[in-house]
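Beneath this line is the structure, given in structure tokens, with notes to follow.
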Amino acid sequence: MKSNVKSSTKDMFMTLCAVCITVLTKTKEIVKCEYQLIQGSLHSLIIRSPDFGIVGGGVSLIGRIAAVHVVYRECCECIYWFGQLTSHSPGVLEGLVQSVGETTGIDNCMVLHLYALEKVLNGLEPPIKAKRLSQYSDDKSLRVWLSYVREVSNAIESTLSLSSQHPLALKASLQWQKIRAIQIFSENVLLNHSNMVVYARQLYLALRSESDFLVCSTVVKVKRVLNIMQGNLKTKLKSKEEKKLLANVRKSCTNFFIEVVSTLCFGQSSAPEDKLIIMLLDIVFTEQMVVDEGEEGGKGKRGTRNLTPFKDESGDKQPIIRSFLLQLLLEHDTENVKNHLKSFFNRCQQALVRGTGVDQELSLLCTQCFENATYKDFCCLSLENKIKAILEKNLLTSATDTLAHSAGLTEHTISLEALESVAKMRCCLLVVAELLQLRVNQQGHSQFLYGRMVQQLLEETRLACTESKVNTIDTTGMFDTTGPIVYLLKLLVYQGGFSCVKKITKDQQWMIPKEFEQDREQNTLDPFVMYNPIYGVIREEMSAAAFGRDYKELEEHATALHPQECVPLLLSVYEVYTMSRASTNIAMQLLPETTEKINEIILNCKALSRDVCNQLLKRIKYNHYDTVDESGG
């Protein structure tokens, strides 16, 4: 069959499939589902006609159609990316038909897209390889090359991901990493400093023998080339312009190095080798020499610095948190990089000054990074699958146990395991809040919302929220009330409002801390006073008096006020008065005579302490909204 360049990509792919059909159907691999029958029929046809192929033979047309059908459905995704590759490089098709036809030992047609990828990569040689580098002083050809690489990069990376373990894919991956390194160098350095093209060629030659950026030695080669470039520029420093040029080049090279680390070292499915991670941590956490006045020599001091390829980069004057490596490490499975995460955290703690708030900032940062890494694993799942993942991985229970154990330790140090557990618990509670809100709104399948999995998750949540070692409940106002129970309530208020919390706590009463329940029984502070129906009634009476000048109901209610209604009444006064002062709407602003009448009603209320009322009204008048001290009842 003659190749027709004008043929569509799909037709050309079918031509290539025909070359491989014989070998494909002779393999022992089983085609799934209904294609087993088609393959079996095709196999029997081939046995009767051994000369089956693109030349023809005694095979019927239906046999050919069945063969192509099997091939197409088995590798339809490969066909798509094959088409993307060849559309960017039309000349690849013609040579590919010939090379595949001459190649023996093709196990199946799935390798066709890899053969195409190999030819595309061979055609991606950067222009810096030319011996006469002077001809590229004009960066037009470089820009054309960069544009072409950007166009085809998505197809290349998608093709590599389809068959990542195939020998052809592994070879192509190394070649692509080398091209990507030159692309990143060109974008960060050459486009700004075209006279540095000689170092681009040195970099390309250095990566010729080894271009696997998961290996430390490859990154060391990159650093060596950059330091040579800096050294050569330093020897030519004579003017301010040249010093400024060196500073700009160093900045461009640092940006190049950081992008290489993030995209080539950590941007692959596998994590970098341990030796490389240790080297990068040693760059960020450096030991600086500090010389005190009146002393000879110096002493080492733990410090931090930017992730840079240059050996002479100075450290930060004051150690700071540099979270770039932390975020990159969490792109991979936490268990695989657990030791390096501990190293990062411990070295950060050693470098930072305790008591300045920076150590708390470090803990918060690590928690947020862990939370992002945990939630991204199931953020795209349905609610049912999220719950299943939490239960199967034992996320909530294990986090509760770890935090309870950490709280029982005598040493007041924050461990990385505790921060990771906090992050896991926050992610789980986010799912629980979504579930509870759905149950209130009765959205979704009711059988699932009240099924066994949901009940198990709610029981684990109840245990976490009632565990005294991980929940700090304080009703005196002297300390913070913290823990999973408070976090869950905040989530519910944020997602569904106060009415949602009110409905949920009717069934899930464990969500209200026992300390608050005790206070409610003792007629003291009620943190949910705004949910109380009594408050709604008093609030309506207060609004009628304030804005409608109808004082009758408020006065009658205040005269026969029950002790449990004292706080709702004072809160309604506080709310109406402060809203009046803050509002720019004239209709919402109280008249002096209205304020005077309401004050009289409140002060004459026998159930209220006159001292408390005077304090409240006085502080509202002068915009002092701090705590009111109770005295005399």
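Each reported figure results from applying straightforward, stated rules to the coordinates on display, with no laboratory input. Predicted model, so just to flag it, every value in this text is computed and none were measured. No Cβ is skipped: glycine too gets one built from the backbone with ideal geometry, and neighbour counts run over all protein chains shown.
Key figures
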quantity	calculated
Sequence-distant residues sharing a close amide H with residue 472 (under 5 Å, placed H)	482, 483
Order of 302, 180 under a 10 Å beta carbon neighbour criterion, fewest first	302, 180
Where labels lie 7 Å past Cα in the beta-carbon direction, separation of residue 247 and residue 205 in nm	3.3 nm
For peptides 536-543, 329-336, sequence by mean Cβ density within 10 Å, most packed first	536-543, 329-336
Summed side-chain charge close to residue 271 - residues other than residue 271 whose Cβ falls under 10 Å, Lys, Arg +1, Asp, Glu -1	-4
Cut-off under 5 Å, modelled amide H: who pairs with residue 286 long-range	303, 304, 305
Whole-Hz couplings from phi, Karplus 6.51/-1.76/1.60, listed for the stretch 179-193; x for Gly and Pro	5, 5, 4, 5, 4, 5, 4, 5, 5, 8, 10, 5, 5, 9, 9
Length released on extending from residue 224 to residue 455, taking residue separation times 0.36 nm less the Cα-Cα span	77.3 nm
Inter-probe distance in nm under a simple model that places probes 7 Å from Cα toward Cβ, at residue 574 and residue 240	6.2 nm
For 184, 283, order by how many other beta-carbon atoms lie within 10 Å, fewest first	184, 283
Entries in 178/376; 221/376; 424/490 that, when Cα-Cα distance is taken, lie over 25 Å	178/376; 221/376
At 1.567 mPa s and 4 °C, Stokes D of the stretch 124-270 from Kirkwood alpha-carbon radius, µm² per second	80 µm²/s
Per-residue ³J(HN,Hα) for the stretch 330-337, Karplus 6.51 cos²θ - 1.76 cosθ + 1.60, θ = phi - 60°, Hz, x for Gly and Pro	7, 5, 10, 4, 4, 5, 6, 10
Packing rank of 256-269, 226-239, 308-321, where each peptide gets the mean count of other beta carbons within 10 Å, highest leading	256-269, 308-321, 226-239
